[in-house]
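Engineer: Below is a structure I'd like to ask you about.
The values are calculated or read from the model by the stated rules, or taken from the named source; none is laboratory data. Here the structure is a predicted model, which means the values were calculated and not measured. With ideal geometry, Cβ positions are generated from the backbone for all residues, glycine too; neighbour counts draw on all protein chains shown.
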Amino acid sequence: MEIFGVSLPGLLSQLLLGLVNGSFYAILSLGLAVIFGLLNVINFAHGALFMMGAVLTWMAMNYFGINYWVMLLLAPLVVGGFGVLIERLLLRWIYKLDHLYGLLLTLGLTLLIEGVFRSVYGVSGLGYDTPELLEGATNLGFMYMPNYRAWVVVASIGVCIGTWYVIEKTKLGAYLRAGTENPRLVEAFGINVPVMITLTYAFGAALAAFAGVLSAPVYQVSPLMGQNLIIVVFAVVVIGGMGSIMGSILTGLGLGVIEGFTKVFYPEASSTVVFVIMVIVLLIRPAGLFGKEK
Amino acid sequence: MKTNNIAFVGYGLLLLGLLVAPFLGAYPIFVMKLMCFALFASAFNLLLGYTGMLSFGHAAFLGGSAYMTGHALKVWAVTPEIGLLLGTVGGGLLGLIVGFFAIRRQGIYSTMITLALAQMLFFVCLQAPFTGGEDGLQGVPRGKLFGLVDLQDDLVMYYLVLAIVVAAFLLIVRTIHSPFGQVLKGIKENEPRAISLGYDTQRFKLLAFVLSAALAGLAGSLKTLVLGFATLSDVHWTSSGHVVLMTLVGGLGTLSGPLVGSAVVVLMENKLGEVGAFLASASGVEWFNTLGESVTMVTGLIFVVCVLAFRRGIMGEIIALLARLRAGRQV
């Protein structure tokens, strides 16, 4: 079966790959949005935290023989802890300043983190094997679906929905949303806002690391792997707007799929298509698809 | 002495130093590169320091113009002044496009838009045939200025670069002190107020963006003319980060800051290996020997320190110190 001269299995496998990329966009832009909401900081270091998740997974396997499944839990915890340090030691001092300092500080942090990993591992990619349980592919009749990729999509969407549920439907999430609207008032009600801010940043960092662990077997693990990703995620955030959690998730997944299709029909444009969409969205809806202009 | 006089003497000494530098053993190519970066940072500062817009896409103007000038000189074999003009106009046009989209959103979103558009240009340059992809555009001839003056001589090239950079810098100074520049400062301080005073702030912001981009393009074009090549690293986003760092280290919103900052950052990157070797021999810690390869790490550290403790930058601190001294004497 063919569609526009492209075989259906080929198309579907690119679609799945697009969904995999889209899952990472979704998790990362979700984390950016949550952090921005409460801290008013655009976390440029998000890509570096993603990279840390992946590299830690690789390190754990190669130095200590710790397997993938343990790292899926451990890496977010470690990177989340690192996030606590970043927030307590660095970010805390600049909340009162202009937004741009938050971006510059986290940019410096990104260069610092990537520099440290680069001085150890260089820039070439490190391979990471797919965990045994998810090796191989399932025959769906019309295509072979690589198990691992399916797992990435399912796990990512699960985490995204979980985050959405916590923020939109629980009491903790209500505090968080209230803190985003008016932190001083929330503090007056006796809620420890500084701790909430620290934990929010740590949570965003942990999300990025989780995506990093998921990515280890699909991407090449390398100290620079987060760099280009974060810029695409910025474009995703501009397209979706940071006002809505569900908006971030849908925009991320959608753009991944569009990128996947572009790889099939016009491969030359696959690295720029997200930016082109950003331009179109800015022309038609300057505030972003789900955004409210403040 | 009044601060104005001190500044006047400072610029005078700097110009004098640059005029005689080639005769004092300074390597002309290196000083020319420094001047190109000083112009790049000054152009960037015009936007961030005086209009309050953080562009994270200035690499596009530097690198894009570098390619345009390189292509014009090498393939179309135009004379250097035409090449520079094309690069500058090209940079301005790119600035018009990026600026048009960037000003549709405010603050941090606008920064992300510039970054994304510049990254798009990076991918275009990576794939386009005329840029030479990963190898870059090599062997760009300097040619003869107006078809008469041969620029192959480094000394002739040096004084041309000096003249152009000084002229461009004076243009920036003039812009900042003009009524137009005052409106830009007004927008930086309080945009809603500028709007309520009847200024079409979007137009002013766009114009500032185009001017800054054109001058950044001029810097890129000059760089290609001097070095004879244009590479992907100029268009890469790290180059945008670079110019932010130079401006921040030197002092945001000061005229002299970008000049000092670019010199400090470029020198730091060139001499880091030597500094590392010195530290290694002095302290006995082997690791310092690898410092030369860890430029990114050191750059990142400087960023963090500057943002946390040193936001006024070198010249900002000096200007504040002079102001304090003067205030002290008046009491």
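Engineer: Please determine, by comparing only the residues of segment B:235-260 that are part of a loop (DSSP other than H, G, I, E, B), touching a Phe, Trp or Tyr at 6+ places or on another chain (Cβ under 8 Å) and within 14 Å of another protein chain (Cβ to nearest Cβ), which one is nearest to B:Leu14 (Cα to Cα).
Structural biologist: B:Gly253
Engineer: So, B:Val156, is that one more than 14 Å from chain A (Cβ to nearest Cβ), of a type in the set (A, V, I, L, M, F, W, C) and free of Cβ contacts under 8 Å to residues at least 40 places away in the same chain or not?
Structural biologist: Details: more than 14 Å from chain A (Cβ to nearest Cβ): yes; of a type in the set (A, V, I, L, M, F, W, C): yes; free of Cβ contacts under 8 Å to residues at least 40 places away in the same chain: yes.
Taking the combined requirement at face value, the residue satisfies it.
Engineer: Could you tell me which residue of segment B:170-215 is surrounded by the most Cβ atoms within 10 Å (Cβ to Cβ), considering only residues that are of a type in the set (Val, Ile, Thr) and over 25 Å from B:Asn4 (Cβ atoms)? Lay out the reasoning, then the answer.
Structural biologist: Let us first name the residues in segment B:170-215 that are of a type in the set (Val, Ile, Thr), namely B:172-173, B:175-176, B:183, B:187, B:195, B:201, B:210.
Remaining after also requiring over 25 Å from B:Asn4 (Cβ atoms): B:187, B:195, B:201, B:210.
On the way: B:Ile187: 23, B:Ile195: 14, B:Thr201: 19, B:Val210: 21.
Filtering first and then ranking leaves B:Ile187.
Engineer: Return yes or no: is A:Thr251 more than 9 Å from chain B (Cβ to nearest Cβ), more than 23 Å from B:Cys125 (Cβ to Cβ), of a type in the set (Val, Ile, Thr) and surrounded by 19 or more Cβ atoms within 10 Å (Cβ to Cβ)? Step through it out loud before you land on a result.
Structural biologist: Numbers: more than 9 Å from chain B (Cβ to nearest Cβ): yes; more than 23 Å from B:Cys125 (Cβ to Cβ): yes; of a type in the set (Val, Ile, Thr): yes; surrounded by 19 or more Cβ atoms within 10 Å (Cβ to Cβ): yes.
It is true that A:Thr251 is more than 9 Å from chain B (Cβ to nearest Cβ), more than 23 Å from B:Cys125 (Cβ to Cβ), of a type in the set (Val, Ile, Thr) and surrounded by 19 or more Cβ atoms within 10 Å (Cβ to Cβ).
Engineer: Would you be able to say whether some residue in segment B:79-96 is under 28 Å from A:Leu105 (Cα atoms), of a type outside the set (Phe, Trp, Tyr) and within 14 Å of chain A (Cβ to nearest Cβ)?
Structural biologist: Yes: segment B:79-96 contains one or more residues that are under 28 Å from A:Leu105 (Cα atoms), of a type outside the set (Phe, Trp, Tyr) and within 14 Å of chain A (Cβ to nearest Cβ).
Engineer: Is segment A:113-126 home to any residue that is within 14 Å of chain B (Cβ to nearest Cβ), in a helix (DSSP H, G or I) and under 18 Å from the mean Cα position of the chain (by Cα)?
Structural biologist: yes
Engineer: Here's something else I'd like to know. B:Val266 passes all but one of (1) out of contact with any Gly (no Cβ under 9 Å at 6 or more places or on another chain); (2) within 26 Å of B:Cys36 (Cβ to Cβ); (3) within 14 Å of chain A (Cβ to nearest Cβ); (4) surrounded by fewer than 23 Cβ atoms within 10 Å (Cβ to Cβ); which number fails?
Structural biologist: The number of the failed condition is (3).
Engineer: Which of the residues spanning segment B:136-169 are surrounded by 14 or more Cβ atoms within 10 Å (Cβ to Cβ) and at positive phi?
Structural biologist: Correct list: B:Gly136, B:Gly143.
Engineer: Under 6 Å by Cβ, and 6 or more places apart or on different chains, what pairs join a residue from segment A:223-243 that is touching a residue at least 24 places away in the same chain (Cβ under 8 Å) and over 25 Å from A:Ile284 (Cβ atoms) with one that is among the hydroxyl-bearing types (Ser, Thr, Tyr) and outside any helix (DSSP H, G or I)?
Structural biologist: Final answer for the pair search is A:Met225/A:Tyr219.
Engineer: Within segment B:123-131, can one find any residue that is assigned to a loop (DSSP other than H, G, I, E, B) and surrounded by 14 or more Cβ atoms within 10 Å (Cβ to Cβ)? Working first, answer last.
Structural biologist: First pass over segment B:123-131, keeping only residues assigned to a loop (DSSP other than H, G, I, E, B): B:128.
Then keep just the ones that are surrounded by 14 or more Cβ atoms within 10 Å (Cβ to Cβ); that gives none.
The answer is no; no qualifying residue exists.
Engineer: Name the residues in segment B:214-234 that are over 13 Å from the mean Cα position of the chain (by Cα) and in a helix (DSSP H, G or I), would you?
Structural biologist: The first filter runs over segment B:214-234 and keeps only residues over 13 Å from the mean Cα position of the chain (by Cα), leaving B:224-233.
Within segment B:214-234, B:Thr224, B:Leu225, B:Val226, B:Leu227, B:Leu232, B:Ser233 qualify.
Engineer: Please enumerate the residues belonging to segment A:211-230 that are hydrophobic (A, V, I, L, M, F, W, C), over 11 Å from the mean Cα position of the chain (by Cα) and within 20 Å of A:Leu111 (Cα to Cα).
Structural biologist: Those that are hydrophobic (A, V, I, L, M, F, W, C), over 11 Å from the mean Cα position of the chain (by Cα) and within 20 Å of A:Leu111 (Cα to Cα): A:Val221, A:Leu224, A:Met225.
Engineer: Turning to a different aspect of this structure: Can you tell me how many residues within segment B:277-301 are buried (at least 20 other Cβ atoms within 10 Å of the Cβ) and either closer than 27 Å to B:Asn4 by Cβ or more than 7 Å from every other protein chain (Cβ to nearest Cβ) (or both)?
Structural biologist: Going through segment B:277-301 one residue at a time, the tally reaches 1.
Engineer: Being at pLDDT 95 or above, surrounded by fewer than 22 Cβ atoms within 10 Å (Cβ to Cβ) and in a helix (DSSP H, G or I) narrows it down to one residue among B:Val89, B:Val31; which is it?
Structural biologist: Values: B:Val31 fails: at pLDDT 95 or above.
Checking each option against the conditions leaves just B:Val89.
Engineer: A:Val34 - would you say it is within 17 Å of the chain's Cα centre (by Cα), crowded, with 23+ Cβ neighbours inside 10 Å and within 18 Å of A:Thr200 (Cβ to Cβ)? Spell out how you get there, then give the answer.
Structural biologist: Numbers: within 17 Å of the chain's Cα centre (by Cα): yes; crowded, with 23+ Cβ neighbours inside 10 Å: yes; within 18 Å of A:Thr200 (Cβ to Cβ): yes.
Criteria met by A:Val34.
Engineer: Within segment A:156-183, take every residue that is in contact (Cβ under 8 Å) with a residue 60 or more places away in the chain and of a type in the set (Gly, Ala, Ser) and give me the one that is farthest from A:Asp129 (Cα to Cα).
Structural biologist: Residue satisfying both the conditions and the ranking: A:Gly179.
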